[in-house]
Amino acid sequence: LQFLYFIGFTTSMMPGPNVTVVGIMGPSGSGKTTLGKRLAEALGGPVTAVQQDWWLRQERVVDGNWEDPGVMDFEGCIEGLKGVIESLKAGKGVVGVRAPRRGFVNLVARPVNARENGGEQNIYVVIEGFLLFYNPDLASLCDIGLVLESDCATCTERRFSRYYSGSPPPEFTEWYKTVVWHHHLKHAPQQAANTPRTNTILDSRLDTDTILKQAMTFVTSGGQ
């Protein structure tokens, strides 16, 4: 019993893993969710990508506008992301978040072991959202920023294709331009100001494999 206690004591004294948070920001339809899922898997982290949209509050929506920052529960998102980081550093086997649109989300993609490689391994956490860098406290939790840039027409077509086939009709195009794209441009300066210092811009109009390769190169090189 003394031997087992000694082993447990020395293991707990070992340093936990380094957790690097990669934040992906871009307008609706720029491919954030697709890149987030693929990047989290390619980086081999123990958790799946976190989606900021999980913290959108329907009861805060006014006139059907989901793009306003007031709809986002930034405090809840910050608390959830901090919880993920702390859980990974502690080597907990169950890592998840509680969000208003999803309830409890178990993020574990593979077993979490904080003591691998002498506790010196690097763990990546990927989070994506169209307002990810709007709130400075949330943005500060991201070590690396990936900014997806695109044009209004491309994002309109991609947003429409989520739900329908064919080309977007004029009324949908007008709605996206005057509501979604308008708010994207409106909040772009504040998001740019809060973007992590280590960041890069990715052209979301490229094919998904190319974007993933560029993102992987930038992240794994530490932003070089």
Round to a whole number: what % of the accessible area of the chain belongs to carbon and sulfur, probe 1.4 Å? 52 percent
Of the residues ASN135, ASN199, ASN122, which exhibits the maximal mean-square fluctuation in a Gaussian network model of the chain defined by a 10 Å Cα contact cut-off? ASN122
Longest principal axis of the chain (C-alpha) makes with the long axis of helix 2-12 (C-alpha) an angle, in degrees to the nearest 10, of 30 degrees
Return the sequence-ordered ³J(HN,Hα) values of region 51-60 in whole Hz as given by the Karplus equation 6.51 cos²θ - 1.76 cosθ + 1.60 applied to θ = phi - 60°, using x for Gly and Pro. 10, 4, 4, 4, 9, 6, 10, 4, 5, 9
Entries in LYS37/LYS82; LYS89/LYS186; LYS32/LYS186; LYS92/LYS213 that, when Cα-Cα distance is taken, lie over 27 Å: LYS89/LYS186; LYS92/LYS213
For region 142-198 and region 31-45, what is the separation of their Cα centres, given in Å? 19 Å
Rounded tilt (10° steps) of 182-194 against the dominant C-alpha axis of the chain: 30 degrees
With θ taken as phi - 60° and the coefficients 6.51, -1.76 and 1.60, list the Karplus ³J(HN,Hα) couplings across region 64-75 in order, rounded to whole Hz; mark glycine and proline as x. x, 9, 8, 8, 6, x, x, 7, 7, 8, 5, 4
Cα-based Rg of region 16-68 per 2.2 N^0.38 Å, rounded to two decimals? 1.43
Apply the a/c threshold of 1.5 to the C-alpha gyration tensor of region 17-137 and tell me whether it is rounded, prolate or oblate. prolate
With a ≥ b ≥ c from the Cα gyration tensor eigenvalues, square-rooted, and the rule rounded for a/c under 1.5, otherwise prolate when a/b > b/c and oblate otherwise, the chain is prolate
Please compute the modelled spin-label separation between ALA90 and ALA193, points set 7 Å along Cα→Cβ, answer in nm with one decimal. 3.6 nm
Before anything else, pin down the relative contact order of the chain: Cα pairs under 8 Å, at least 6 apart, normalised by residue count, whole percent. 31 percent
Cα gyration tensor, region 114-224 - rounded (a/c under 1.5), prolate or oblate: prolate
What number comes out for accessible area per residue over region 89-215 if the probe is 1.4 Å? Units Å², please. 55 Å²
To the nearest 10 degrees, how steeply does helix 152-161 sit against the main Cα axis of the chain, on a 0 to 90 scale? 70 degrees
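The values are calculated or read from the model by the stated rules, or taken from the named source; none is laboratory data. Not measured: the values here are computed from a predicted model. Every residue, glycine as well, gets a Cβ built from its backbone with ideal geometry; the counts of neighbours run over all protein chains shown. Side chains included, ligands, DNA and RNA excluded: accessible areas come from the protein's heavy atoms. Shrake-Rupley method; radii C 1.70, N 1.55, O 1.52, S 1.80 Å.
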